[in-house]
Amino acid sequence: MTTLYFVRHAQSDWRSGPDRERGLTAEGREDAHVVLEFLRDKQVDAFYCSPYRRSMDTIREAAAFYGQAILTDERLRERETVPGGNCRELFEKRWADFGWHEPGGESLRSVQERNIAALTEILEANRDRTVVIGTHGTALSTILNHYDPSYDCASFMRIIDWMPFVVELDFDGTRFLSRTEHVHVEKIFEQQERI
């Protein structure tokens with residue numbers, strides 16, 4: 001069995017620069033310790049991550065604990081967004097039509113396809129191993145939807161305030177077996193935050 005632990009990033013500081021370079025708030029840095037404490041006894045073999053700083057910072061301490069490098073994959077990045085793109089009405093519109101996106105944005109279908117392509121390669125390269133993947137709220141939700149089509153906008157909204165959040169997906173080869181939600185820290189989602 002291959003076990004993947006997806007780690008949605010801790011609270012990021014949306015005021016600290018461009019989306020890709022935004023780090024964690026002071027609270028987010030503290031909350032990243034929750035990730036290490038959860039993973040401490042999991043015998044992790046590899047760490048993969050979105051190239052975005054907030055995701056890398058959330059799993060960095062755990063990777064160091066295991067003496068592992070964090071392998072980044074551009075396909076694991078978050079959805080391309082535009083200013084003002086994070087409101088409930090737009091969330092619902094995207095989830096109702098996976099092909100829709102605002103001008104300059106990216107559809108959920110596109111996010112899902114590139115994340116699943118990366119995930120398939122990770123599974124093929126790590127059969128019967130335990131892997132951590134640093135991710136984002138939207139990217140993770142499209143992955144969960146791929147394996148369970150009942151995972152919808154309401155499911156996404158349920159986790160919107162969970163930063164960080166760890167969820168386990170188990171596989172036999174590339175065949176999905178099960179999903180288990182583990183730890184999360186509740187932080188109030190800010191509309192400026194790109195999740």
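Summary table below
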item	result
Single residue of region 1-27 satisfying the filter (hydrophobic (A, V, I, L, M, F, W, C) and either open to solvent by less than 20 Å² (accessible area, probe 1.4 Å) or touching a Gly at 6+ places or on another chain (Cβ under 8 Å) (or both)) that is farthest from L169 (Cα to Cα)	L24
Region 137-162 - residue that is among the small types (G, A, S) and over 16 Å from N115 (Cα atoms) and, of those, most open to solvent (accessible area, probe 1.4 Å)	S150
Residue that is farthest from the chain's Cα centre (by Cα) [pool: residues in region 115-130 that are among the polar types (S, T, N, Q) and under 18 Å from V44 (Cβ atoms)]	N126
Residue check, E124 without any contact (Cβ under 8 Å) to a residue 12 or more places away in the chain and not in a loop (DSSP other than H, G, I, E, B)	no
Close pairs from region 93-117: first at negative phi, partner among the acidic types (D, E), Cβ under 8 Å, at least 6 apart	W95/D152; G105/E80; E106/E80; V111/E78
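Rundown of residues vs (1) in a loop (DSSP other than H, G, I, E, B); (2) over 13 Å from the mean Cα position of the chain (by Cα); (3) surrounded by fewer than 19 Cβ atoms within 10 Å (Cβ to Cβ); (4) not hydroxyl-bearing (S, T, Y), yes/no style:
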{"position": "R29", "(1), (2), (3), (4)": "no, yes, yes, yes"}
{"position": "D41", "(1), (2), (3), (4)": "yes, yes, yes, yes"}
{"position": "Y48", "(1), (2), (3), (4)": "no, no, no, no"}
{"position": "P51", "(1), (2), (3), (4)": "yes, no, yes, yes"}
{"position": "D57", "(1), (2), (3), (4)": "no, no, no, yes"}
{"position": "G67", "(1), (2), (3), (4)": "yes, yes, yes, yes"}
{"position": "L71", "(1), (2), (3), (4)": "no, yes, yes, yes"}
{"position": "W95", "(1), (2), (3), (4)": "no, yes, no, yes"}
{"position": "G99", "(1), (2), (3), (4)": "yes, yes, yes, yes"}
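The values are calculated or read from the model by the stated rules, or taken from the named source; none is laboratory data. What you are looking at is a predicted structure, and each value in this text was computed from that prediction instead of being measured. Cβ: placed from backbone, ideal geometry, glycine included. Neighbour counts: every protein chain shown. Surface accessibility is based on the protein's heavy atoms, side chains included, excluding ligands, DNA and RNA. Shrake-Rupley method; radii C 1.70, N 1.55, O 1.52, S 1.80 Å.
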